[in-house]
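What follows is calculated from the coordinates using simple rules that are stated; it is not laboratory data. Keep in mind that what you see is a predicted model, and the values were worked out from it rather than measured. Every residue, glycine among them, receives a Cβ derived from its backbone with ideal geometry; neighbour counts consider all protein chains shown.
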Amino acid sequence: SGVLRKFKQLNAECNRLTESKLRRASFVISKLKNNPELKKTYDEHLKSSGPAETKFLSEKV
């Protein structure tokens, strides 16, 4: 019973974090779509950064 309760709490927390990341990604994507200058800057940053660097959004997004 306690294990199930903890699992449900952990699942709820993971869902909350996932929703938060999705909202942030959606916000960034909408900003990039609505502002060509920002998109150009972001694209240049992607091209100049190395593959080992952690990125918020990949080129796939």
Please count how many residues of region 1-48 are loosely packed, with under 10 Cβ neighbours inside 10 Å and among the β-branched types (Val, Ile, Thr). 1
Please name all residue pairs, on different chains or six or more residues apart, with Cβ atoms under 8 Å, provided the first residue is in region 1-15 and is free of Cβ contacts under 8 Å to residues at least 40 places away in the same chain and the second residue is not hydroxyl-bearing (Ser, Thr, Tyr). none
